[in-house]
Ligand code: ARG
């Protein structure tokens with residue numbers, strides 16, 4: 001699914017992860033192995049564009065609408081000046097300026113526990129200059145037990161497809177929750193900062209289907225609630241390395257306080 005902004009930002013998740021990820025070895029569908037999604041099935045999915053993006057479309061990261069004027073994204077996406085970001089809703093093809101609505105970002109809050117070395121607490125809450133009224137928002141998952149092996153959430157985004165699909169096009173993939181033990185059992189992930197209390201381990205050990213660069217901050221959804229947001233991984237869709245997502249439930253109270261805060265700050 002998703003790969004690109006991070007290249008521009010120089011985001012490197014695992015120092016030892018090496019350089020360019022190998023192309024997915026799994027089946028070639030769309031997104032790294034995803035399928036086309038419509039913005040009406042996921043109206044709360046937001047594309048976060050940036051003027052400094054290497055991509056002509058501006059594609060940078062994903063985000064999620066949680067209130068008409070608030071989105072959640074990844075803290076590691078917020079490396080540029082606030083004025084360089086634009087939130088876009090309802091635009092499946094990012095190069096199609098005629099579709100959807102946009103807003104500038106008027107304020108940002110980064111989780112105080114965010115650790116840029118290991119991406120712990122990889123959350124930011126952004127305030128939109130222009131509220132997106134009439135767009136359904138998504139509720140945060142508050143149940144700590146929602147992240148469990150066997151459930152199958154869906155991830156959405158406009159990020160890199162590693163040539164498995166069209167670029168800058170909204171895509172989705174079902175990614176099974178593998179349970180924390182699987183990611184903790186991967187040496188680079190345990191060493192890279194994977195935390196059972198803060199992350200969701202989801203995807204396929206066989207490789208082929210995954211979120212990727214440019215999807216960061218975008219939604220991982222289960223039963224209509226926001227279970228997590230795209231955070232990191234070794235490459236994308238590589239065999240033996242599933243996606244690591246920032247888990248919402250443990251920080252839901254903290255995030256909700258920022259979301260409910262009408263003040264722009
Ligand atoms: N850090 C990436 C970004 O900035 C997201 C990487 C997700 N990787 C993965 N294998 N699921 O967009």
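None of the figures in this text is laboratory data; all of them are computed from the coordinates on show. Every value quoted in this text rests on a predicted model; they were computed, and no experiment measured them. For neighbour counting, all protein chains shown are included, and Cβ atoms are generated from backbone atoms with ideal geometry for every residue, glycine included.
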Query raised in the report: Computed on alpha carbon atoms, what radius of gyration and Dmax characterise segment 31-180, expressed in Å?
Result: 15.2, 42
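How do 49, 184 line up, fewest other C-beta atoms within 10 Å first?
Numbers: 49 22, 184 15.
Listing 49, 184 from fewest to most nearby Cβ atoms yields 184, 49.
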Requested in this report: Can you pull the one-decimal nm distance between simple spin-label points at residue 181 and residue 36, each 7 Å off the Cα toward Cβ?
Outcome: 4.1
**Report entry** Set of segment 98-138 residues, backbone N closer than 15 Å to the point 7 Å along the Cα-Cβ line of residue 83
**Finding:** 104-107
Query raised in the report: Nearest-5 percent of antiparallel DSSP beta bridges in the chain?
Result: 95
Report summary line: Taking the chain and counting helices only, DSSP H stretches of n ≥ 4 at -39,500 (n - 2.57) each over all residues, the nearest-500 ellipticity at 222 nm comes to -2000 deg cm²/dmol
Query raised in the report: What shape does segment 133-188 have by the C-alpha gyration tensor, where a ≥ b ≥ c are the square roots of the eigenvalues, rounded means a/c under 1.5, and otherwise prolate means a/b greater than b/c and oblate the rest?
Result: oblate
Query - Whole-angstrom gap from segment 171-249 to segment 48-96, using each part's C-alpha centre - result: 20
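Taking neighbour Cβ counts within 10 Å as the exposure measure, how do 236, 77 sort from fewest upward? List each step's numbers first, then the result.
On the way: 236 31, 77 28.
Arranged by neighbour count, lowest to highest, 236, 77 become 77, 236.
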**Report entry** Cα→Cβ-extended label distance, 7 Å offset, between residue 51 and residue 260, nm
**Finding:** 3.6
Requested in this report: Between residue 106 and residue 144, with labels modelled 7 Å along Cα→Cβ, what's the label distance in nm to one decimal, could you check?
Outcome: 3.6
Report summary line: Percent of all Cα-Cα pairs per 5 Å bin for segment 91-148, counting from 0 up to the last occupied bin, reads 4, 13, 11, 19, 20, 16, 13, 4, 0
Query - Ranked packing of 196-204, 87-95, most packed first, by mean Cβ within 10 Å - result: 196-204, 87-95
Query raised in the report: In square nanometres, what is the average projected area of the Cα convex hull of segment 174-220?
Result: 3.6
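Taking the number of other C-beta atoms within 10 Å as the exposure measure, put 227, 220 in order starting with the fewest. Kindly include the intermediate steps, with their values, before the conclusion.
On the way: 227 25, 220 29.
Arranged by neighbour count, lowest to highest, 227, 220 become 227, 220.
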**Report entry** Isotropic mean projected area of the C-alpha convex hull, segment 145-227 (nm²)
**Finding:** 5.7
Report summary line: Rounded to one decimal in Å, the inverse mean reciprocal Cα-Cα distance for the chain, i.e. its Kirkwood radius, is 17.5
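Give me Rg/Rg_expected for segment 174-265, where Rg uses Cα atoms only and Rg_expected = 2.2 N^0.38 Å with N residues.
Numbers: Rg = 13.9 Å, N = 92, 2.2 N^0.38 = 12.3 Å.
Expressed relative to 2.2 N^0.38 Å, the Cα Rg reads 1.14.
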